[in-house]
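The values are calculated or read from the model by the stated rules, or taken from the named source; none is laboratory data. The structure presented is a predicted model; accordingly, all values stated were derived computationally and were not measured. No Cβ is skipped: glycine too gets one built from the backbone with ideal geometry, and neighbour counts run over all protein chains shown. Ligands, DNA and RNA are excluded from the accessible area calculation, which covers all protein heavy atoms including side chains. Shrake-Rupley method; radii C 1.70, N 1.55, O 1.52, S 1.80 Å.
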Amino acid sequence: MNISVKWISQMLGQSLDARDTAHRLAMLGAPADSIDPVGADLDDIIVAEVELVERHPDADRLSLCKVNTGTEVLDVVCGAPNVTAGCRYPYAPVGSVLPGNFKIKRRKIRGVESLGMLCSASELGLGADSDGILELEPSCEVGSRFTDAVGLADAILDLDITPDRPDLLCHKGVARELGAVLEAPFKLLPIPGAVASTTTPVRSEMEGSVGGVTVTLEDSEGCPRYMAAAIEGIKVGPSPEWLQQRLSAIGARPINNVVDATNYILFELNQPMHAFDLDKLGGQVRIRKANQGEKIVTLDDQERDLNEGMTMICDAENAVAVAGVMGGANSEISNETTSVLLECAYFDPRTTRATRNALKMSTDASYRFERGIDIDAMSDALRRAVSLIIAVAGGRELSKPVDVYPRPRQPVTIFLRPERIEKLLGVSFPLDEVSRMLTRLGFVVAPKDGRLAAQVPGWRPDVTIEVDLIEEIARLHGYDEFPTQMIPFRPSSVPNDPIEGLKAKLRSVFTAAGLHEARSLSLGPSGGENAQPVLHPLSSEEAFLRTAILPGLVRSVEHNWAVRERDVRLFEVGAVFEKTDGMPRETLSFAAVVTGRSNPEHWSNGGKGGDYDLWDLKALLQNAVEVVGGRLDQDGNDWVVLNKDGEKIGRAGIQNADAPAWAAPVFGFEVEVTLKRSGHVAYSAVPRNPPLERDLALILPDGVSVSQVEEEIRKSTGSLLESVVIFDEYRADDLAGRSVAWRIVLRSPKKTLRDKDADQAVQRTVNSLRDRLGVELR
C-alpha cells in the first residue's frame, strides 16, 4: 500500500520525517518495504525568471532568452511560443538529468550557444502537455529548488499491511494510527472549491429510489448494504492539477475527473466506489446473484463467464458490474456522460474473494472488500465523494441518496479487566490511562464494575475478544518500552508439581516467622554408614552426599558465630540421600535452626530480647507439621514427628555446636517432606455464638505423654470442643509427676453456651482422664 508522507503530514498538521514515520508504523505493526522519494529525479531543477526574450537571429520559431537563475544570468535558446519576459519557469542547468535519463549539455542551436533548458510539464514527467513551457506562480522564489517551490517534495512509503488490518489501506487509517501515537488529532484535507454535503440518505430495507432509478437489493448476503447518489449536469474532463498530482504521487494513473474522484476516496477513506453512466441503466439497479451462463464485458474489455455464486450489479436485463471487483463496459463513464449514479456499497468479503478467484482478476476494490471495510462509515464517504465530484466536474444532486440496509450492524462491546492486562503484558496500567489509549485509537470506552467496556469501531474487524484490546495497549505503549528482564510466567495451563506448592508453603510460613532461607551444597563430610561417597570430591569436607540438612545448618551457625553474629535464624528445604545397593535414594527434607534472641532489640523490651527456648522450637516445629503432615510426640527432652503409621519422620531438640562462651543454645529440627493426601476440603461457617474457655492444670504420671492426654481430651469433651492448647508446664519435687496446663475452648454452632454446659463437659473430660490415664487435677 503506497502512502504519501506529505498527505499524512497535512492531515496531522505537522511535518513528518519519512524514516521516523516508517519506524513508528513498523512498531505499530505496519512496516514499510521501501521509502521512495517523490521528485528525486528533479532535484537539479531550479526556479528561474526570464528577464528578456528576443528572436533568434537564424530561426523564426526559436527565441533567445536571458534567464536569471538567482546567481547569474544565462543565455538559453527556447522553442516554446508561451515564454514571456518577467515570468518564472522550471530551469534545467547544464549537467542536470531529466526523467528518462536525458542529460542537459552545453550546445549550439543554429549558431547560438544555449546554457541549459526551460522545461515543459511532459519533460519533467508531470503531465502530457509538451506544447509550452510550464509557467510557475510569481510567488515561487528565483533560485529555489523546483520541487520545494511547487510542493512536489514527498516520500512514498510502501507499507506491508497484514490482512487483518484493512483500515490501514488508506491515508485516513494511517493518520489515525500515527495520531494515536503522537497524541495529535487528524482531519481530512479540505477539497478546493467544494461545499460539504449535508444530505441525509433515505434508508430502506430492500428497495429504494434515487434520481429516478429504482434500487432493489435481492442478495443481502452478498451485499449487506448498498448506497447510491445521483448527480446530473456534470462535465467529464481532466482532473484539476492538485488531484492529478496527489494520485500520481502514490502511483495511481489519472483518468478523468469523475473516476479520479472515486479513486481519491478509495485511497483517502478506504471506501471503493463506482460511478455508472446514469442514462445507461434504464431506470433500474438490481443487486442479485448471477445466472448460470451469464456473461459480462468488464472495463478491461474482457468477456467474463459468470456463475451462480457471484453477486452482480444489474439493470433491468443485463449485468453492469461484477460486485466488488470491476464495472462493466456497458455502463462506464465517457466524455459524453452528463449524469452519474455513484455507488457506495459493502460487499461480503467471502463472496468477493470467491468471485475474484473464479474470474482470475484482482483490483484495488476487490483487495479491500476481501478484507472488510467500515460499513458504518459509508454515509460519510458517500457525502465526501458527492462533494468532490461536484467540485471537479460540476453538476448537482438529483435527490437525496438512497441507503438500502436491511440488517444494520450491532456494535460489538468487549469488557477489559485490568488484572488481565498485567497478567499478559507483565506491566500494570492505570484504568484511566488505558481508557485514554483506547479512545485515541477510536474505541468508545466507559468504566463498568472495575472493568472497561470498549465499543469496537467498524473499521476494526480484527478486534473481537479481550486479548485483542490488550494487544492494542501494547502497540500504543510501544513494544520497545516494555522492560527486558524475564519475569515469572507460566506458558501453559499445566499446574505445578504438588510438591512445589508444598515447598512454597514452607518458605512462606517460615519467612513470615522471621527465618532466612539458606541454600547450601548437597555435599558434606561423612554422615555415617548410610552416606553415599562421591567419586571425585572437591575436598574431604565435601566427599559425601548429605544424609541430613540439619548438620549443614549448624555449620552455618558456627560460621556466623565466627564473625560475632549471635542471632541466627535459618531454614532450608532440599534433597537428602541414602546409600543403597544401586543409585542412592533421594528424599525431600526440611530443616530449621534458631539461636540467640527470638525478638530484635527494641526500646519496648529494654534493649534485651529473650532468647529462643524449647517452646519456641516446638512452635516452629508445629508450623512445619501443619504443612507437611504428621503429629508431635515427646521423646525425653526432644520432640519427634510421627506419620500416620507411627513411623518417625522428624526430630527436634538442642543441637551440638562448637559455640563460644557468649553464644546461646542452638535449637533445630528436621522433618521429611512428603505429600499429604487429604480428602475434600470441608467448609465451616464463621461462628455466630461466643466461646467459653476453661483452664485445666493436670498432673501427668510418669510414662503418660502429652499427646495421649490431648487425644483423650478431644475424645471425651465431644463436639463442643473447638481447640485445646498447652500454655504452661511446672515441675517440683513434691509433685508425683509433672503439671501441664491446657486451655480448652468450647463453642456450640447452634446456641450460646451457659456455664453449666461448659462445666458438665469439663467434668466429663476430667473423669475420663482419671479413669483411663490416671491423670488428676492439680
Sorted on mean Cβ neighbours within 10 Å (highest first), peptides 313-319, 154-160 come out as 154-160, 313-319
Dipole check, the chain, charges on Cβ (K,R +1; D,E -1), about Cα centroid: among His274, Val762, Gly478 the Cα furthest to the positive pole belongs to Val762
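Normalised by the residues of the chain, what does the relative contact order come to in percent, with Cα pairs under 8 Å and at least six apart? Please report the intermediate quantities before stating the final value.
Working: 1505 pairs, mean separation 64.8, N = 778.
Over the chain, the number comes to 8 percent.
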Taking the dipole of the chain about the Cα centre (Lys, Arg +1; Asp, Glu -1; charges at Cβ), the one of Tyr346, Gln455, Met1 that reaches farthest to the positive side is Gln455
Region 68-177: relative contact order from alpha carbon pairs under 8 Å, six or more residues apart, as a whole percent, is 25
Sorted on mean Cβ neighbours within 10 Å (highest first), peptides 397-408, 420-431 come out as 397-408, 420-431
Excluding residues fewer than 8 positions from Lys618 in its own chain, the lysines with Cα under 26 Å of it are Lys503, Lys505, Lys608, Lys644, Lys648, Lys676, Lys715
Between Leu431 and Leu52, the two model label points (7 Å from Cα along the beta-carbon direction) sit apart by a distance in nm of 8.1
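Rounded to the nearest 5, what % of the DSSP beta bridges within the chain are antiparallel ones?
Numbers: 136 of 145 bridges.
Among the beta bridges of the chain, antiparallel pairing accounts for roughly 95 percent.
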Counting only protein heavy atoms and leaving out ligands, DNA and RNA, the solvent-accessible surface of Phe727 at a 1.4 Å probe, in Å² to the nearest 10, equals 100
Ordering 635-646, 251-262 by per-residue average of other C-beta atoms within 10 angstrom, highest first, gives 251-262, 635-646
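Once the other residues with Cβ under 14 Å from the Cβ of Ala393 are scored (Lys, Arg +1; Asp, Glu -1), what is the net sum?
Computed value for this residue: -3.
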Distance in nm between Thr674 and Ser248 label points, each 7 Å along Cα→Cβ, equals 8.9
For Lys400, the aspartates and glutamates lying under 19 Å Cα to Cα, once residues fewer than eight places off in the same chain are dropped, come out as Glu205, Glu207, Glu232, Asp277, Asp279, Glu343, Asp376, Asp380
Summed over the other residues with a beta carbon less than 13 angstrom from that of Lys579, with K and R at +1 and D and E at -1, the charge totals -2
Two pseudo-spin positions, 7 Å from Cα along C-beta at Glu317 and at Ser34, lie apart in nanometres by 4.8
Within region 103-117, the residues whose backbone N lies under 16 Å from a label point placed 7 Å from the Cα of Lys66 along the Cα-to-Cβ direction are 115
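So with the 1.4 Å probe, I'd like the accessible area per residue for the chain, rounded to whole Å².
Counting only protein heavy atoms, the per-residue value for the chain is 52 Å².
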Computed curve, the chain, Cα-only Debye sum without solvent term, log₁₀ I(q)/I(0) at 0.05, 0.06, 0.07, 0.11 Å⁻¹, is -0.57, -0.68, -0.76, -1.24
To the nearest 20 debye, the chain has a Cα-centred charge dipole, built from +1 on Lys and Arg Cβ and -1 on Asp and Glu Cβ, of 1900
Per-residue ellipticity at 222 nm attributable to helices in the chain (runs of n ≥ 4 DSSP H, -39500 (n - 2.57) apiece, nearest 500 deg cm²/dmol) works out to -7500 deg cm²/dmol
Projected onto their principal axes, the Cα atoms of region 158-200 stretch, largest extent first, over whole-Å spans of 35, 24, 22
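Run the numbers on region 134-215 and let me know its relative contact order in percent, using alpha-carbon pairs under 8 Å that are six or more apart. Present the calculation step by step, with values, prior to reporting the outcome.
Working: 21 pairs, mean separation 7.9, N = 82.
Normalised by residue count, the contact order of region 134-215 is 10 percent.
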Env charge @ Gln245, Cβ radius under 12 Å, K,R +1 / D,E -1, value -1
Projected onto the charge dipole of the chain (unit charges on the beta-carbon of Lys, Arg, Asp and Glu, signs +1, +1, -1, -1), the Cα from Val627, Gly524, Met27 with the largest positive-side position is that of Val627
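Considering only protein heavy atoms and a 1.4 Å probe, what is the carbon-and-sulfur percentage of the accessible area of region 57-169?
Numbers: 2670 of 5740 Å².
Percent of accessible area from carbon and sulfur atoms in region 57-169: 47.
What do you reckon, how do Thr674, Thr587, Thr200 stack up by accessible area (1.4 Å probe), largest on top?
On the way: Thr674 65, Thr587 35, Thr200 85 Å².
Ranked from most to least accessible, the order is Thr200, Thr674, Thr587.
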